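Note sheet for the following structure.
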Amino acid sequence: MKKLPLLGGLTPARFLRDFWHKKPLLIRQAIPDFSAPITRDELFGLARRDDVESRLITHGASGWNMRHGPMDKLPALKQKAWTLLVQGVNLHDARADALLRQFRFVPDARLDDLMISYASDGGGVGPHFDSYDVFLLQAHGQRRWRVSAQDDLRLQEDVPLKILSHFEVDEEFVLEPGDMLYLPPHYAHDGVAIGECMTYSIGFRAPAYQELGESFLDFMLDTIDLPGRYADPDLKPATRPAELPAGMVARMRDELNKIRFTDDDITIFLGQHLSEPKPSVFFDPPAQPLSFARFFQAARKRGLRLHRKTQVLYRGANVFINGESFHVGRADKTILARLADMRAVDGEALSGASEDLLEALHQWHETGWLELI
Ligand code: SIN
Ligand code: CO
């Protein structure tokens, strides 16, 4: 793979080997001459919407305060030390989506979202750590980042956000627009705005095993198959009627031990789980729905692209789109894998598609999951 200016001239392989999960990396001019594509007012507009997750953080004499959006009112611009955080901007803005997708040297299954923060002078979210890797791209104005490799990750009690009890600064950097700081999970950091500033956080997903396990058991509910019913042809008279019979426990253990899951079950579970849109995500059907024939004609001519909110993953003969799974033949798989990797296919590529796939594509167009180019 090529050396990327985005990674300070490192190849993704070198970056992943030497820095990913290991140590911070400051990249001056990761995006040269970067000018924030989303204005402050556009960001404030997103924070007013109820399908956009946002938080307002203030810090003053009364300590730290946090309020969840939608934000009908924000503090005055000249008020010091407040921060607005807007999550998932990539879902609502094509430029933010394009920026996030520059990080696809990490698989889609691990990429989360683009969060944008706006801070007035002195604003920040306090010294803390995150449980995920993060790239902090300075988009507008300046921010002073102070970081620490400390092991002491104890948090202050009774504050509405995660603030470290002790923060011992190892290094500090002032970031200008286009500069970017990579931080591994659990690396202590504190960013404070110098004048008003905007910072873009490229975030990753690292599901907690407990949460994954609970969802997996839910998935297995539809999958387990245990025929038969308990029987005890050798039953002996009960001397202690309330006691659970040992033979019954053993028999049940043998039956429940028949619950098995294969790599295929795990693949299907993971594909569905990780391609499931977040609860706040809604798709808009096209303004003009097309009949199957019209859709097919237009798709063959113009090609198709995935809507930026659509998540597609695949493995083997299984393709997952927005939480649904499909078992597909080889030709359809080639088309869908291309659509997933490139996020678009030209009309030519659809020539080998089966009738089933064309019908599915038509349906996905109807629900707003994909668009004609
Ligand atoms: C911010 O942009 O203010 C917060 C980002 C972070 O510290 O993770
Ligand atoms: Co952070």
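The values are calculated or read from the model by the stated rules, or taken from the named source; none is laboratory data. Because the structure is a prediction, the values reported are computed rather than measured. FYI the Cβ positions are ideal-geometry reconstructions off the backbone, even for glycines, and counts take in every protein chain you see. Just so you know, the surface numbers come from the protein's heavy atoms only, side chains and all, with ligands and any DNA or RNA stripped out. Shrake-Rupley method; radii C 1.70, N 1.55, O 1.52, S 1.80 Å.
Does residue 102 count as at pLDDT 95 or above, open to solvent by 10 Å² or more (accessible area, probe 1.4 Å) and of a type in the set (S, T, N, Q)? Spelling it out, residue 102 is indeed at pLDDT 95 or above, open to solvent by 10 Å² or more (accessible area, probe 1.4 Å) and of a type in the set (S, T, N, Q). Of the residues making up region 35-55, just one is more than 22 Å from the chain's Cα centre (by Cα), in a loop (DSSP other than H, G, I, E, B) and of a type outside the set (Val, Ile, Thr), namely 35.
Note on region 114-127: residues that are open to solvent by less than 20 Å² (accessible area, probe 1.4 Å) and either out of contact with any Phe, Trp or Tyr (no Cβ under 7 Å at 6 or more places or on another chain) or within 10 Å of ligand 1 (Cβ to nearest atom) (or both) total 7. Here residue 32 clears all of (1) open to solvent by 70 Å² or more (accessible area, probe 1.4 Å); (2) modelled with pLDDT under 95; (3) more than 22 Å from the chain's Cα centre (by Cα) except the condition numbered (2).
Looking at 178, 213, 203 in this structure, which one is in contact (Cβ under 8 Å) with a residue 40 or more places away in the chain and within 22 Å of the chain's Cα centre (by Cα)? Walk me through it before giving the result.
Values: 178 fails: within 22 Å of the chain's Cα centre (by Cα); 213 fails: in contact (Cβ under 8 Å) with a residue 40 or more places away in the chain.
That would be 203, the only listed residue that is in contact (Cβ under 8 Å) with a residue 40 or more places away in the chain and within 22 Å of the chain's Cα centre (by Cα).
Regarding region 130-146, can at least one residue be identified that is within 23 Å of the chain's Cα centre (by Cα), hydroxyl-bearing (Ser, Thr, Tyr) and within 16 Å of ligand 2 (Cβ to nearest atom)? Checked region 130-146: at least one residue is within 23 Å of the chain's Cα centre (by Cα), hydroxyl-bearing (Ser, Thr, Tyr) and within 16 Å of ligand 2 (Cβ to nearest atom).
From the list 58, 83, the lone residue that is in a strand (DSSP E or B) and open to solvent by 10 Å² or more (accessible area, probe 1.4 Å) is 58. Given the structure, is residue 329 at pLDDT 95 or above and surrounded by 13 or more Cβ atoms within 10 Å (Cβ to Cβ)? Against the criterion (at pLDDT 95 or above and surrounded by 13 or more Cβ atoms within 10 Å (Cβ to Cβ)), residue 329 does not qualify.
Within region 153-164, can one find any residue that is within 16 Å of ligand 1 (Cβ to nearest atom) and closer than 22 Å to residue 32 by Cα? No; the residues of region 153-164 include none that is within 16 Å of ligand 1 (Cβ to nearest atom) and closer than 22 Å to residue 32 by Cα.
One residue stands out among those in region 173-225 that are open to solvent by 20 Å² or more (accessible area, probe 1.4 Å) and among the acidic types (Asp, Glu): the one that is farthest from ligand 2 (Cβ to nearest atom), which is 225. In the set (1) farther than 22 Å from residue 97 by Cβ; (2) open to solvent by 10 Å² or more (accessible area, probe 1.4 Å); (3) of a type outside the set (A, V, I, L, M, F, W, C); (4) in contact (Cβ under 8 Å) with a residue 40 or more places away in the chain, the condition left unmet by residue 347 is number (2).
Residue 242 meets the conditions (1) among the small types (Gly, Ala, Ser); (2) closer than 25 Å to residue 111 by Cα; (3) modelled with pLDDT of 95 or more in every case but one. The failed one is (2).
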